[in-house]
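Since the structure comes first, as structure tokens, the remarks are kept for the end.
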Amino acid sequence: MQQIRHFINGEYVESSSGRRFDDINPANGERIAEVHEGGQREVDAAVAAARAALQGDWGSMPVEQRMALLHKVADGITARFDEFLEAECLDTGKPAALASHIDIPRGAANFKVFADLVKNVATESFVTDTPDGHGALNYAVRKPRGVIAVVAPWNLPLLLMTWKVGPALACGNTVVVKPSEETPHTAALLGEVMNQAGIPKGVYNVVHGFGPQSAGEYLTRHPHIDGITFTGETGTGRAIMQAASQSLLPLSFELGGKNSAVVFADADLDKAIEGTLRSAFANCGQVCLGTERVYVERPLFDAFVARLKQGAEQLRPGWWRDEGVSFGPLVSHAHRDKVLSYYETARRDGATVVTGGGVPEMPEALANGAWVQPTIWTGLPPHSAVLSDEIFGPCCHIQPFDDEDDVIEQVNDTPYGLACALWTENLARAHRVAPRIDVGLCWVNSWFLRDLRTPFGGSKQSGIGREGGVHGLEFYSELSNVCIKL
Ligand code: NAD
């Protein structure tokens, strides 16, 4: 059985406790690896290694050299593309067609983009008047924040982990990563790439384990880390915030969502259907930016429901590597239980099940997988938990609307504020409505169209802070002002 060990100070190490847990392929329920569970001792060792690297080679390395190494990391991921692809697809079950277009290329891009960006970023300076007329020169210096704890989720494991590690290292920090217990594979593999690229020991460390009373909690409570960047559920964010309050640590949080799509009657129906199919069902609905509430202006409602149903029924579930497969399983049986409980709630609350609502018939080899059907509902009452809770599965509810102000109010009626997609051919309407939606990311006539230079993050309970482009520098570096009296 393959062993997945911690990566600490440039070496793969076993857990001192001897504790292990299973890495399961959710497509067939088979055990694919044994993962070493980290405890306080591994976290201490990883944080100490990260601190030493910060004070050693990495901290004093010229920027050009650091950036060249990060380019090598990106090239190293690309050179081992097939290995990363297989590792990611076995951990998650997601189709190769998806991971080879999104997860793995973005995993590499996250190192290049932020290396190039940080290299070219300027800081401000001011010439200040003084009473003696000589003046003073102020300029800001950006320093690494220090040892950054990166706590990552399972839905886009390599992409979301490197989205933090890339800018953290580009800014000169060192990291300790706690990957999700569901998807430890690619974070472990990245250690080999780091070594091959020549990244100094201790710059990138990985400790595997769970959240509470395991590696996640020990890391986020650790007194010698300097910041926590976390992607995951809003409830977990609350626990981490409490842990961080001990040392008053800076936090960057990307949390849950209950995102909407709004389709106006003047939308291009083909585009709106294509975009909504992706936003509701891509990655089996396990995308934080995904759409679970769809509002369609009444004249288009029936046609939209019929076309979305048709599209959902054409999705082909199956083994990640097989030709034509467009739909994977959920990440685990535990998550499937949660999603199916909402399928049941929808039925109990009187929804019309347009399509899906259960578990698909799978061939024998995949019968033990965490499969669910892509599901569409209409007719849910406004109080239904299906319309307020983040389900994080391949499902959406479609509701007609008649009035622009009214639909904006409904979209905003949630504690979350991550993303929204507007579909309209009326430019004035797009400009009018987009700023009124309480979200960090609003797309018009698209979804998941990302430029890594732009700010990314959630409003309300969907996050704290913005990453992407220069915005992440607020978190990944510390600004110091130097004032020189002339
Ligand atoms: P999760 O919160 O269950 O777990 C995320 C990570 O936190 C895991 O590594 C887990 O082990 C760790 N963890 C759990 N409890 C912890 C604790 N008490 N202390 C420290 N670490 C702890 O999230 P998940 O189920 O892995 O991911 C799905 C969630 O992530 C969804 O809510 C989704 O919306 C959200 N998400 C948000 C974004 C975004 O950009 N806003 C992106 C992807 C996923």
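Worth pointing out:
- Some residue of the stretch 129-136 being touching an Asp or Glu at 6+ places or on another chain (Cβ under 7 Å), within 16 Å of the ligand (Cβ to nearest atom) and either touching a residue at least 24 places away in the same chain (Cβ under 8 Å) or in a strand (DSSP E or B) (or both): no
- Selected residue [within 23 Å of the chain's Cα centre (by Cα) and open to solvent by less than 30 Å² (accessible area, probe 1.4 Å)] from Val372, Val407: Val372
- In the stretch 189-203, residue nearest to the ligand (Cβ to nearest atom) [restricted to those that are among the hydrophobic types (A, V, I, L, M, F, W, C) and open to solvent by less than 20 Å² (accessible area, probe 1.4 Å)]: Leu190
- Considering the stretch 117-136, and only residues there that are modelled with pLDDT of 95 or more and open to solvent by 60 Å² or more (accessible area, probe 1.4 Å), the residue that is nearest to Val165 (Cα to Cα) turns out to be Ser125.
- For the stretch 5-52, a residue qualifies if it is of a type in the set (D, E, K, R), free of Cβ contacts under 8 Å to residues at least 60 places away in the same chain and open to solvent by less than 70 Å² (accessible area, probe 1.4 Å), and exactly one does: Glu34.
- Residue within the stretch 452-462 that is out of contact with any His (no Cβ under 8 Å at 6 or more places or on another chain), open to solvent by 10 Å² or more (accessible area, probe 1.4 Å), closer than 30 Å to Ala244 by Cβ and in a strand (DSSP E or B) present: yes
- Only one of the numbered conditions (1) outside any loop (DSSP other than H, G, I, E, B); (2) out of contact with any Cys (no Cβ under 9 Å at 6 or more places or on another chain); (3) among the hydrophobic types (A, V, I, L, M, F, W, C); (4) closer than 20 Å to Thr276 by Cβ is violated by Ala421, and that is (2).
- The set of residues in the stretch 242-279 that are more than 28 Å from Val147 (Cα to Cα) and within 14 Å of the ligand (Cβ to nearest atom) comprises Gly257, Lys258, Asn259, Ser279.
- With respect to the conditions (1) part of a loop (DSSP other than H, G, I, E, B); (2) away from the ligand (no atom under 16 Å from the Cβ); (3) farther than 22 Å from Pro167 by Cα, Arg429 falls short on a single one, namely (1).
- Selection of the stretch 357-381 for residues being touching a residue at least 12 places away in the same chain (Cβ under 8 Å) and not in a loop (DSSP other than H, G, I, E, B) yields Ala365, Leu366, Thr375, Ile376, Trp377, Thr378.
- Of the numbered criteria (1) assigned to a helix (DSSP H, G or I); (2) within 20 Å of the chain's Cα centre (by Cα); (3) farther than 22 Å from Arg51 by Cα, the one Leu117 fails is (2).
- Matching residues in the stretch 53-77 - criterion: being under 23 Å from Gly107 (Cβ atoms) and open to solvent by 80 Å² or more (accessible area, probe 1.4 Å): Gln65, Lys72
- Total residues in the stretch 204-228, condition under 22 Å from the mean Cα position of the chain (by Cα) and away from the ligand (no atom under 11 Å from the Cβ): 6
- Cβ-Cβ contacts under 6 Å between residues 6 or more apart (or on different chains), taken from a first residue in the stretch 94-120 that is over 27 Å from Cys171 (Cα atoms) to a second residue that is assigned to a loop (DSSP other than H, G, I, E, B) and of a type in the set (A, V, I, L, M), are listed as Pro95/Val325.
- The requirement of being within 16 Å of the ligand (Cβ to nearest atom) and either open to solvent by 30 Å² or more (accessible area, probe 1.4 Å) or not assigned by TED's automatic domain parsing to the domain that holds His101 (or both) is fulfilled somewhere in the stretch 315-328, by at least one residue.
- Every residue from the stretch 242-273 that is without any contact (Cβ under 8 Å) to a residue 12 or more places away in the chain and not assigned by TED's automatic domain parsing to the domain that holds Asp413: Gln242, Ser245, Leu248
- Scanning the stretch 424-437 for residues being under 24 Å from the mean Cα position of the chain (by Cα) and open to solvent by less than 50 Å² (accessible area, probe 1.4 Å) gives a total of 2.
- Cβ-Cβ distances below 7 Å connect the following pairs, each with a first residue in the stretch 145-172 that is hydroxyl-bearing (Ser, Thr, Tyr), a second residue that is open to solvent by less than 10 Å² (accessible area, probe 1.4 Å), and a separation of six or more residues or different chains: Thr162/Gly107; Thr162/Asn110; Thr162/Phe111.
- Matching residues in the stretch 438-451 - criterion: being part of a loop (DSSP other than H, G, I, E, B), within 16 Å of the ligand (Cβ to nearest atom) and open to solvent by less than 60 Å² (accessible area, probe 1.4 Å): Val439, Gly440, Trp447, Phe448, Arg450, Asp451
- Looking only at residues in the stretch 140-163 that are β-branched (Val, Ile, Thr) and open to solvent by 10 Å² or more (accessible area, probe 1.4 Å), the one that is nearest to the ligand (Cβ to nearest atom) is Val151.
The values are calculated or read from the model by the stated rules, or taken from the named source; none is laboratory data. Since this is a predicted model, take the numbers as computed values, not measurements. With ideal geometry, Cβ positions are generated from the backbone for all residues, glycine too; neighbour counts draw on all protein chains shown. Ligands, DNA and RNA are stripped out before the accessible areas are found, and what is left, the full protein with its side chains, is counted by its heavy atoms. Shrake-Rupley method; radii C 1.70, N 1.55, O 1.52, S 1.80 Å.
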